[in-house]
Amino acid sequence: MSGVKRFVLFAVSLCLACLAWSCVCQAEVTPADYIRLLEKWMPTARQWTQPVPGRDDLLFYATGGHEHWAVQAQCTAFSAVAILATAPELDERLAGETREQLRARALKMLRYALHTHKTGDVLCSTGQGWGYSWISNLALERMAHAVTALKPWLADDDRQRLRNVLLGECDFLLEGYKVVGAIDASTGKNKPESNIWNGAALYRAAMLYPDAPRIAEYRQKSTALLLNGISIPSDADGDTVYNGRKLSQWHVGPNYTEQFALNHHGYMNLGYMEICLSNVAMLHFFCQANDLPIPAELYHHVDKLWQLTKSLTFDDGRLWRIGGDTRMRYCYCQDYTLPVWPMILDHLGDPDAARFEEGWLKVVAKEQAGNPQGAFLSGRLAKLRDVSPFYYCRLEGDRAGSLSMGAAFRRLLAQKKSAATTRIAPLQAWSDEFHGAAMVQGAHRRASWVWKSGQRPCGTVVPADRSDMVEWQWNLAGLIQGTGCSFNAAPKKDHVLHNFEGGFATCGSYQWTAASNPGEGSTAEDVALARTAMVVLPDDATTVILQRADASRPIYINRVLGLNYQVPNDVFNDSLRSYRFGGREHTIAGAGGREMPRRELLECGPTVNVVGRVNVGLVYGAPGLSLFRPGQRNATMGHNTLMAFSGDGASLYCDVIAAGACDQQRFYQAQERLFDVGVVIGIDFEPAGKAHGKPGDAIKVVEVTGADQQRYLVAANLDAQAGQTVVTVAGNFSVLCGKNAVAQPDGVHLDLAANEVVVLKLKAAK
């Protein structure tokens, strides 16, 4: 793309962005926007709601069990029905029930939760009562807004049972839940979100029941838990006073890094950063709805965490999960962004939160419109629904419950005078040493790499305004599947990461393994050792990917996809993607259409263009690029091996652009090369790279001209040993990052340690 065309495209994009923003300002999200979605959902809610034999006053949603997720589903589904029943905007025709019928339904669902608690007189469908655990209060927190809405219709018995449940849970927390904090999830002490929701529960009970015998203890522990939620290392020296004591005296341990990255579940987990903020939002609005004071400690570091999470959010509200996701795409954590945005509007006054809110509601409405009975997820998660109603209904409940919060919280906002707005600028660059994470973003491109990611490692490169084009499952790391029922990659902790203005460079190694091989005596197999270098150039357009992988042993391997650039092709883009390769345009069907596409490997030649925005070009190492169509949804869960392997745990379909692809089982000798490729990716720009050196060289060198018309030299040592090479280039240079690049009369001398990566900006010869 020429400079003129690039400028025109930018100008048009900017105008469209301004138009979209003006529309948001003119038509703010209202409670009715949420209520319309919940009305459509009611046929699904009724389908999954069951009576209790012999108790016509009780109803349960989904399985009605005592397990954590079953209780969560019960309480979130109740919340949706209760908010719908009490909404002034309710359209009974669309909901399929009268207001009175909905209110009766909601009360029966609430009573099931109260009666089956361990303080109650009824057992869950599984024959046990629920409660008294680290997560019990989460269900109560997520239904608190709905209980508030139903207060005029609660009987005295309901109020007493609710008091018994809340105080019983709080008494349990005093003895059975310890305040802990640690950055590394492997310690078992990384508990920011449960610290926040349990701290909120204690505070709420202390405010609601001032006659309770242990409210002083509730208040004390509540402060400790809230301050050790979004906690960072420097809190150990904090001198701000909360509830009579300095922050340093309350501090137990950091749950976040100093850069506000969270390692929950063992990876850089943006989703749970949002979960933490959602729990702040629930207490924020509960206090407002019930005329209660809000504790200052609730907002500890909320502004800083918001700035980072905002920076990792697309304009339509979808999260840019640079650290990956081990669960279903665009479900649980994504859903709980909805309570966050009204809270940010109210507490920090950032108007961009409203833009995210409006965008995500449109995404939800689009997916719901394609499903029968108003279900939110039945299309993408049909396989999950059939193998695990337990899990499926929990996810449907999460979406319905979060929408009910949005309706309730927007109603509270509407009752206030317009507050002053203060836009918090998103970060253009960010990095975190603990996770080996880096990201940059500009007007055209978003790019990231994270070594400690959900399915590690992973990178992303997408147009800045195309949330529908990003996926992170081993993205840009190459994909190597051995035999057995699981496969995984584990970084070697030897990576190098350099940051520079407008970009970054990283290089490291990781071991692919395969496990769960049916048959007695089978063991996990080391499949391949891979290395990847990712260099994001400072032109807001160009990224260089260098990869090499070798078989670790004599072994059968089922699939090899070098590069592994994944392009989602599912319901969010109407299940069609346009590509240009081989000199012509191709429209490729994904999932979510009339039928699942067939599995095939298409040969594309040296370049592939995606939707006219993303240009992928081969520099060296393969006859050409390939487009892999998997034939089934392939973005899988990372925490359930068998479901991931079977496809039952897949929630998004992705086409895959590959360099060095083989989609059939074959035998490889030890140390046999699987792929050794170099690729350039340009956003709204067609970069062309030139390789230096010989194909077998350990130090890979690529020269590329960026969208800024500057020449760059990228070199990475994809070997376990230090190495040297000489590169002949015209003119001198400046070093953007890396070590041991020296100009000599015969060229640039590079002396690179293992995994070292160097980026030079070349200057034209005089």
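So, ARG456, is that one touching a strand residue (DSSP E or B) at 6+ places or on another chain (Cβ under 9 Å), under 26 Å from VAL616 (Cα atoms) and at pLDDT below 95 or not? Steps first, please.
Working: touching a strand residue (DSSP E or B) at 6+ places or on another chain (Cβ under 9 Å): yes; under 26 Å from VAL616 (Cα atoms): yes; at pLDDT below 95: yes.
Considered against the rule, which asks whether it is touching a strand residue (DSSP E or B) at 6+ places or on another chain (Cβ under 9 Å), under 26 Å from VAL616 (Cα atoms) and at pLDDT below 95, ARG456 comes out as yes.
Select from the stretch 114-164 the residues that are hydroxyl-bearing (Ser, Thr, Tyr) and without any contact (Cβ under 8 Å) to a residue 60 or more places away in the chain and write down the one among them that is farthest from GLY176 (Cα to Cα). Step through it out loud before you land on a result.
Initial filter on the stretch 114-164 (hydroxyl-bearing (Ser, Thr, Tyr)): 116, 119, 125-126, 132-133, 136, 148.
When the remaining residues are screened for being without any contact (Cβ under 8 Å) to a residue 60 or more places away in the chain, the result is 116, 119, 132.
Working: THR116: 21, THR119: 16, TYR132: 8 Å.
For the stretch 114-164, the residue satisfying everything is THR116.
Residues in the stretch 706-715: is at least one surrounded by fewer than 22 Cβ atoms within 10 Å (Cβ to Cβ) and either closer than 16 Å to GLY693 by Cα or in the same structural domain as TYR510 (by TED's automatic domain parsing) (or both)?
no
Any residue at all in the stretch 124-137 that is surrounded by 15 or more Cβ atoms within 10 Å (Cβ to Cβ) and part of a helix (DSSP H, G or I)?
Yes, there is a match, as at least one residue in the stretch 124-137 is surrounded by 15 or more Cβ atoms within 10 Å (Cβ to Cβ) and part of a helix (DSSP H, G or I).
Scan the strands (runs of 3 or more DSSP E) fully inside the stretch 442-536 and keep the ones with 1 or more residues being under 23 Å from SER626 (Cα atoms) and within 22 Å of the chain's Cα centre (by Cα).
Details: elements: 445-450, 458-463, 479-482, 486-491, 496-500, 503-515, 525-536.
Hits in the stretch 442-536: 445-450, 458-463, 479-482, 486-491, 525-536.
Restricting attention to helices (runs of 4 or more DSSP H) lying wholly within the stretch 342-428, give those where 2 or more residues are of a type in the set (Phe, Trp, Tyr) and within 23 Å of ASN634 (Cβ to Cβ). First the steps, then the outcome.
Numbers: elements: 352-369, 382-387, 389-414.
Hits in the stretch 342-428: 389-414.
When the residues of the stretch 729-766 are filtered to those that are in a loop (DSSP other than H, G, I, E, B) and among the aliphatic types (A, V, I, L, M), which remaining residue is nearest to LYS492 (Cα to Cα)?
Going residue by residue through the stretch 729-766, those that are in a loop (DSSP other than H, G, I, E, B) are 729-732, 738-740, 745-746, 753-756, 763-766.
When the remaining residues are screened for being among the aliphatic types (A, V, I, L, M), the result is 729-730, 753-754, 764-765.
Values: VAL729: 33, ALA730: 37, ALA753: 15, ALA754: 12, ALA764: 39, ALA765: 41 Å.
Selected residue: ALA754.
What single numbered condition from (1) surrounded by fewer than 18 Cβ atoms within 10 Å (Cβ to Cβ); (2) in contact with a strand residue (DSSP E or B) (Cβ under 9 Å, 6 or more places away or on another chain); (3) not aliphatic (A, V, I, L, M) fails to hold for LYS700?
(1)
Quick one: GLU100 ticks every box in (1) free of Cβ contacts under 8 Å to residues at least 12 places away in the same chain; (2) touching a helix residue (DSSP H, G or I) at 6+ places or on another chain (Cβ under 7 Å); (3) over 24 Å from GLY176 (Cα atoms) bar one, so which box is it?
Among (1) free of Cβ contacts under 8 Å to residues at least 12 places away in the same chain; (2) touching a helix residue (DSSP H, G or I) at 6+ places or on another chain (Cβ under 7 Å); (3) over 24 Å from GLY176 (Cα atoms), the lone unmet condition for GLU100 is (2).
Kindly establish whether ILE588 is crowded, with 19+ Cβ neighbours inside 10 Å and aliphatic (A, V, I, L, M). Quick ask: steps written out before the conclusion?
Values: crowded, with 19+ Cβ neighbours inside 10 Å: no; aliphatic (A, V, I, L, M): yes.
So ILE588 does not fit the description; no.
Can you give me the number of residues within the stretch 221-262 that are crowded, with 16+ Cβ neighbours inside 10 Å and either part of a helix (DSSP H, G or I) or not assigned by TED's automatic domain parsing to the domain that holds GLU175 (or both)?
Residues flagged as crowded, with 16+ Cβ neighbours inside 10 Å and either part of a helix (DSSP H, G or I) or not assigned by TED's automatic domain parsing to the domain that holds GLU175 (or both) within the stretch 221-262 amount to 10.
Those residues that are more than 30 Å from ASN517 (Cα to Cα) and buried (at least 22 other Cβ atoms within 10 Å of the Cβ), I need them from the stretch 557-576; list them, please. Explain how you work it out, then say what you get.
Start the filter on the stretch 557-576 by keeping residues that are more than 30 Å from ASN517 (Cα to Cα), which leaves 569-576.
Correct list: ASN569, ASP570, VAL571.
Do you know which of the residues in the stretch 644-691 that are of a type in the set (Phe, Trp, Tyr) and over 22 Å from the mean Cα position of the chain (by Cα) is farthest from VAL702 (Cα to Cα)? Talk me through it step by step, then tell me what you get.
First, the residues of the stretch 644-691 that are of a type in the set (Phe, Trp, Tyr): 645, 653, 667-668, 675, 685.
Remaining after also requiring over 22 Å from the mean Cα position of the chain (by Cα): 667-668, 675, 685.
Values: PHE667: 31, TYR668: 28, PHE675: 17, PHE685: 18 Å.
Once the filter is applied, the top-ranked residue is PHE667.
Quick one: would you say ALA691 is of a type in the set (Gly, Ala, Ser) and assigned to a strand (DSSP E or B)?
yes
Give the residues of the stretch 671-697 that are touching a strand residue (DSSP E or B) at 6+ places or on another chain (Cβ under 6 Å) and of a type in the set (A, V, I, L, M), sorted by residue number. So that I can check it myself, show each step before the final result.
Taking the stretch 671-697 and keeping what is touching a strand residue (DSSP E or B) at 6+ places or on another chain (Cβ under 6 Å), we get 671-683, 686-687, 689-693.
Hits for the stretch 671-697 are LEU674, VAL677, VAL679, VAL680, ILE681, ILE683, ALA691.
If you check VAL726, VAL680, VAL656, VAL704, which single one turns out to be in a strand (DSSP E or B), touching a His at 6+ places or on another chain (Cβ under 9 Å) and either of a type outside the set (Gly, Ala, Ser) or touching a residue at least 12 places away in the same chain (Cβ under 8 Å) (or both)?
Working: VAL680 fails: touching a His at 6+ places or on another chain (Cβ under 9 Å); VAL656 fails: touching a His at 6+ places or on another chain (Cβ under 9 Å); VAL704 fails: touching a His at 6+ places or on another chain (Cβ under 9 Å).
The unique qualifying residue is VAL726.
Within the stretch 541-552, does at least one residue satisfy the condition of being crowded, with 24+ Cβ neighbours inside 10 Å and not in a strand (DSSP E or B)?
yes
Pick from VAL527, VAL560: which is out of contact with any Gly (no Cβ under 6 Å at 6 or more places or on another chain), β-branched (Val, Ile, Thr), at pLDDT 95 or above and within 29 Å of HIS435 (Cα to Cα)? Please lay out each step first, then the result.
On the way: VAL527 fails: out of contact with any Gly (no Cβ under 6 Å at 6 or more places or on another chain).
None of the other options fit; the residue is VAL560.
Can you tell me which residue within the stretch 295-313, out of those that are part of a loop (DSSP other than H, G, I, E, B) and crowded, with 21+ Cβ neighbours inside 10 Å, is farthest from the chain's Cα centre (by Cα)?
In the first step, residues of the stretch 295-313 are kept if they are part of a loop (DSSP other than H, G, I, E, B); the result is 295, 300-301, 312.
Checking which are crowded, with 21+ Cβ neighbours inside 10 Å leaves us with 295, 300, 312.
Details: PRO295: 29, HIS300: 23, LEU312: 9 Å.
Applying the filter and picking the extreme gives PRO295.
So, in the stretch 413-436, of the ones that are surrounded by 12 or more Cβ atoms within 10 Å (Cβ to Cβ) and among the β-branched types (Val, Ile, Thr), which residue ends up nearest to THR506 (Cα to Cα)?
ILE424
Mind listing whichever residues of the stretch 416-449 are within 19 Å of GLU471 (Cα to Cα) and charged (D, E, K, R)?
ARG445, ARG446
When both residues are 6+ apart or on different chains and their Cβ atoms are under 8 Å apart, which pairs have a first residue that lies in the stretch 46-59 and is in the same structural domain as LEU107 (by TED's automatic domain parsing), and a second that is β-branched (Val, Ile, Thr) and surrounded by 12 or more Cβ atoms within 10 Å (Cβ to Cβ)?
VAL52/VAL122; ARG55/VAL122; LEU58/VAL52; LEU58/VAL122; LEU59/THR49; LEU59/VAL52
Is there any pair linking a residue in the stretch 376-398 that is touching a residue at least 12 places away in the same chain (Cβ under 8 Å) and crowded, with 22+ Cβ neighbours inside 10 Å to one that is among the β-branched types (Val, Ile, Thr) and part of a helix (DSSP H, G or I), with Cβ under 9 Å and at least six apart or on different chains, and which?
Close Cβ pairs satisfying both conditions: PHE376/THR44; PHE376/VAL364; ARG380/VAL571; ARG394/THR76; GLU396/THR44; GLU396/THR76; GLY397/THR76; ASP398/THR76.
The values are calculated or read from the model by the stated rules, or taken from the named source; none is laboratory data. A quick note: this is a predicted structure, and the numbers were derived from the prediction, not measured. As a convention, Cβ positions derive from the backbone with ideal geometry for all residues, glycine included, and neighbour counts pool all protein chains shown.
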